[in-house]
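No lab work stands behind these numbers, since they all come straight from the coordinates. The structure displayed is predicted, hence computed values, not measured ones.
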Amino acid sequence: MVQRSRWMLGFIQVLLKGDWRDLPTLRQRLLALEMLAMPFFQALAGLLLPTSLLLAVVLRAPVTLVLLYWLPLGLAVMLVVAEQAAFQEFRRAYGLRATWVDSVRLVVGAPFYQLVLSAAALRATVRLARGQLEWEKTTHLGAHHTVPTPREPGPRELAPRGLEGAL
């Protein structure tokens, strides 16, 4: 999550710097604004959804207020539908096979992924508000730098081709 927070803090810093305002067309500027402001929307959604559950279940708030708080859930559902459509288009464009299980995994995993994104966005927003703009390094184990030790081949690997079943 640290890396996602770092990315989102970078988005926020680019947004605040304002260079995106110099893009040549209004469409490009609006797209840049949407993309760069996304961490704020994700952080807000991460706060509003639990609040709406609390309001709906525990506090018995007015219906209008609860419905307003459920707007992020509606947007999240629309996002999953859009991701599903994009997945199917990607699959068709590249001639890939997919089963209904792949689609189910995408739908089931989406809320957890959005939760992680919301937590990372909230973390980035809090770091910005506190002025914690230093680079956060991600700790690495360096496992990809180790050289595997050679192992002795097993009897099946030593058998000549065609004789594997004889051992």
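Only helices enter the 222 nm calculation for the chain: every DSSP H run of n ≥ 4 contributes -39,500 (n - 2.57), and dividing by all residues gives -22500 deg cm²/dmol, rounded to 500. If amide H atoms are built 1.01 Å from N in the plane of the peptide, which residues on other chains or at least 5 residues away come under 5 Å of the amide H of residue 23? Amide H to amide H, under 5 Å and 5 or more residues apart or across chains, residue 23 pairs with nothing.
Taking Cα atoms only, the orientation of helix 2-17 departs from the longest principal axis of the chain by about 40 degrees. Just to confirm the number: angle between the C-alpha axis of helix 26-54 and the first principal axis of the chain, 0 to 90 degrees, nearest 10? Roughly 90 degrees, rounded to the nearest 10. Rounded to the nearest 10 degrees, the inclination of helix 71-93 to the longest alpha-carbon principal axis of the chain is 40 degrees. Could you tell me which of rounded, prolate or oblate describes the stretch 1-117, using a ≥ b ≥ c as the square roots of the eigenvalues of the alpha-carbon gyration tensor, with rounded for a/c under 1.5 and, failing that, prolate when a/b is larger than b/c and oblate otherwise? It comes out oblate by the Cα gyration axes.
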